[in-house]
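The values are calculated or read from the model by the stated rules, or taken from the named source; none is laboratory data. Please read these numbers as outputs of a predicted model, since none were measured by experiment. Cβ coordinates were reconstructed from backbone atoms using ideal geometry, including for glycine residues, and neighbour counts include every protein chain displayed. What goes into the accessible areas is simple: the full protein's heavy atoms, side chains included, and nothing from ligands, DNA or RNA. Shrake-Rupley method; radii C 1.70, N 1.55, O 1.52, S 1.80 Å.
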Amino acid sequence: MTSQKNTTRLKRGALAAGAALTVVVAGAGAAPGAGDGKAGTAGKPKLKLIAASKSVTLDRWEGEPGVYLDLGTYVTVDDAPLEFRVTRKSYKDPVVAKQVLRNGTTTTTKTLPAGLVKDFSGLPGFLEVTVTDATGAEVAKNKGTFCPNNASGRLRPDAPATSHYPESCPTNPFTLGSVWGVEKGWASNSSTVDYDKPVDLPAGEYTAKVRVAKKYRDLFAIPDDQPTIKVTVREVGDGGGAGVAAAGRSAHGAGHGSAHGAGGHGAGHGAAGAAHHYGPRGADAPTPPALSHALEDRGLAHHLGDGPGHTDGSRIAPALKPNAKRPTGRAGVPADVPKPDLRSLPAWDIAITDGEDGDVPGKDYLAFSANVWNAGPAPLVVDGFRSPGKDLMDAYQYFYDANGKQVGYTPTGTMEWDPRIGHEHWHFTDFASYRLLSADQTKEVRSGKEAFCLANTDAIDYTVKNANWHPYNTDLSTACGQQNSISVREVLDVGSGDTYTQYRPGQSFDITDLPNGTYFIQVIANPEKRLKETNLNNNVALRKVVLGGTPGARTVTVPPHELIDAK
């Protein structure tokens, strides 16, 4: 949600945002990967690992256990785009990744080895990093996942001006389908930062050697290049002092990370040292920009965002504008008009809390994250209009034909202003509700119902028909209006979902007086059926939980949901 400003430093996004490579390689002679005189195989991309700079400076922030190895290495792509379709038929089925090979009008696919790709975050174990100190002794070694949708940029002027691929790889445990890709003539940041495992490097000078793992070199015919990068680790206090680096960390601090976390739409593992539990970020759209150290060192940290000839993945999509006035004429929905299909995901990020941000101290609460997504084929578009002096907006759902022309509308409830700290924006009512059911699923023992500001926080399935790989309304700070707004547009686009983390007052279940035993968290999309959909029979999802412990020390056990073992 919008309002709360994190006063502590946000951890940097895991390279869904970063450097514009077209700037990094400028003046470096022939573009890396631009060709070596040998003709490539038609439809098959030629890949190469490069380093954007021969040296980087990493900051070790006061109070943190180490540094994050953002080394500024890239995978260059030439001769043809690098593209993958990653899917699973259901949560009972494993993830299947296929490389898409395009040669003119001909498209073929190559299925990657079974078990190689286990989720939708990228190619695991792709990058191997070894760090040695000034004496040559090995001090760190790790492997990193490569997300082709990481921060990227053009290698040369004749490459496509923009990338049509999504801007990050999904991390939601219940993702169903994803598209990964790098345009021909582009490069994607291959560095991976694991914020749960910082590298304990004291201030000093080091050498990092990077290479692509052999299984991927063999699979994609990648040369065994091993870029060597000089690494300087410097100590930095929270009071600032790191110049461009400190500015880069705070430049978009109130963007995706704090915006989503402050009001219950998940928030990454948000602000370091913050007392509040933020749960999974719940937002696959880019996080606040993580500046490449290569850019910092060159004084080019201002060169961020999408623009002519480059993109670094740090785009925060602006809000969509509502119609100039509320609809007139007879309300109606043509029978054959495309409609959205809202579906619920099973709950995850399930935990016991003892009262946070306004809950009653001394009580036990069951908190969780939930997501409702749109399987299409049409976006959910809702406008709210307020009459002068009214506290509520009247809400309308719009319908469009294949050419994007509005062909119908229907009244669909209201929007209300939520003044609570951490919310402070317009909520669309009756979008979803939550219930805690008994073991036999016949008795509702707790209920929770919350109005929502709709936002495209998660890419759930970008392989469905009409999926929008670049949705708007990804940022709650722009999508949900201000207190003095007289109209607002909220959209849930095709393929995307809206994660809501139930850790806020009135959202989690009070389980203080519930006996131990088995229960089910039920997530219901469109509970009052006010929204028009293609299918109303797939709106409910269940997640089993087992409560234990004693008052003040309750426990929760979360069995796997089919193949998904996400607590």
* Quote the FRET efficiency, to the nearest 0.05, computed for Arg234 versus Ala439 with a Förster distance R0 of 60 Å and r equal to the Cβ-Cβ distance. => 0.60
* Asked: Hey, if we sort Glu183, Glu62, Glu444 by accessible area with the 1.4 Å probe, largest down, what's the order?
  -> Glu62, Glu444, Glu183
* With every protein chain in place, what's the accessible area of His164 (1.4 Å probe, Å², nearest 10)? -> 90
* Structure fact -> Check: C-alpha center the stretch 161-218 vs C-alpha center the stretch 504-567, spacing in Å is 33
* Of the cross-linked pairs Lys89/Lys118; Lys184/Lys209; Lys143/Lys209; Lys89/Lys110, which ones have a Cα-Cα span greater than 21 Å in the structure shown? -> Lys184/Lys209
* Would you mind classifying the stretch 88-130 by shape? Square roots of the alpha carbon gyration tensor eigenvalues, ordered a ≥ b ≥ c; an a/c under 1.5 is rounded, otherwise it is prolate if a/b is larger than b/c and oblate if not. => oblate
* Structure fact -> Measuring from its Cα centre, the stretch 41-159 shows a charge dipole (+1 at each Lys and Arg Cβ, -1 at each Asp and Glu Cβ) which, in debye to the nearest 20, is 780
* To do: Can you tell me how much longer the chain between Arg156 and Thr328 gets when fully stretched, taken as 0.36 nm per residue apart minus their C-alpha distance, in nm with one decimal?
  => 56.8 nm
* Asked: To the nearest 10 square angstrom, what accessible area does Lys214 show with a 1.4 Å probe?
  -> 120
* Asked: Stretch Asn466-Ser387 to full length: gain in nm at 0.36 nm per residue minus the Cα-Cα span?
  -> 25.0 nm
